[in-house]
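Here, each number is a calculation from the coordinates, and none is a lab measurement. None of these values were measured; they are calculated from a predicted model. Note: ideal-geometry Cβ built from the backbone for every residue, glycine included; neighbour counts use all protein chains shown.
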Amino acid sequence: MGFNMESLKYNNINFQVWDLGGQTTVRPYWKCYYPNAKAVVFVIDSSDKKRIETVKNQLDYLMKVY
């Protein structure tokens, strides 16, 4: 749990990659990382059928707010 960060280099491009986690308790902190983001990769566990509606709602919210 928590946040992980790695710096990656591909060709001449440097990436700073953050794994923010999706737990309910850390979601309020996502807003601290979005303002300067150039891209977002939203990973979904498709085998967790019980949470797919929650994931949909959260992604809809993120796209509207940020």
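In this structure, does ASN57 turn out to be assigned to a helix (DSSP H, G or I) and not small (Gly, Ala, Ser)? Yes; evaluated as a whole, the condition is true for this residue. Tallying residues that are of a type in the set (Val, Ile, Thr), surrounded by 12 or more Cβ atoms within 10 Å (Cβ to Cβ) and in a loop (DSSP other than H, G, I, E, B) within region 31-54 yields 2. Summed over region 1-17, residues that are under 11 Å from the mean Cα position of the chain (by Cα) and under 22 Å from ASN57 (Cβ atoms) total 0.
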